[in-house]
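Notes for the one structure printed next.
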Amino acid sequence: MLVSRDFRFEAAHRLEEYRGGSEALHGHSWKLRVTLSAPVAANGIAFDFVELEKIVHERVVGLLDHTCLNDTVNPPTAERIAVWAWERLHPLPLAEVTVWETEECAVTYDGRE
């Protein structure tokens with residue numbers, strides 16, 4: 001079973017190796033989707049949404065919300081943020097981590113580079 005939960009956080013970043021509008025410090029309303037792959041247990045639940053929310057807030061969202069991402073992830077691209085989140089959430093039974101930088105632009109990481 002695939003179990004997904006979405007999260008939102010506000011954070012700024014600047015892309016020092018990028019030439020264009022994202023080169024200067026600016027902010028986004030980020031979206032993060034964490035998808036787990038787990039069997040359905042006898043109680044009918046594959047993974048408790050409440051437990052997933054607690055873990056993701058402790059290990060990822062709480063560390064990124066209302067920060068400058070350059071202080072945590074280098075370079076702070078959506079791609080690197082997805083890998084960073086994956087590594088912080090290990091050993092959950094992760095299937096995918098998706099990061100939206102804007103409503104139209106997202107990356108998905110599945111543990112392979």
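The values are calculated or read from the model by the stated rules, or taken from the named source; none is laboratory data. Predicted model only: the values in this text are computed from it and were never measured. Heads up, the Cβs are rebuilt from the backbone with ideal geometry, glycines too, and the neighbour counts pull from every protein chain shown.
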| remark: The residue that is nearest to Ala82 (Cα to Cα), considering only those in the stretch 19-45 that are modelled with pLDDT under 90 and surrounded by 12 or more Cβ atoms within 10 Å (Cβ to Cβ), is Ser22
| Of all residues in the stretch 89-104, which are within 25 Å of Leu25 (Cα to Cα) and surrounded by fewer than 17 Cβ atoms within 10 Å (Cβ to Cβ)? | Thr102, Glu103, Glu104
| field | Subset of the stretch 16-53 [closer than 23 Å to Asp65 by Cβ and in contact with a Pro (Cβ under 6 Å, 6 or more places away or on another chain)] | value | Leu36
| query | So is Val56 touching a residue at least 40 places away in the same chain (Cβ under 8 Å), outside any loop (DSSP other than H, G, I, E, B) and among the β-branched types (Val, Ile, Thr) or not? | reply | yes
| query | If you go through the stretch 63-94, how many residues are within 30 Å of Arg19 (Cα to Cα), assigned to a helix (DSSP H, G or I), of a type outside the set (Val, Ile, Thr) and under 14 Å from the mean Cα position of the chain (by Cα)? | reply | 12
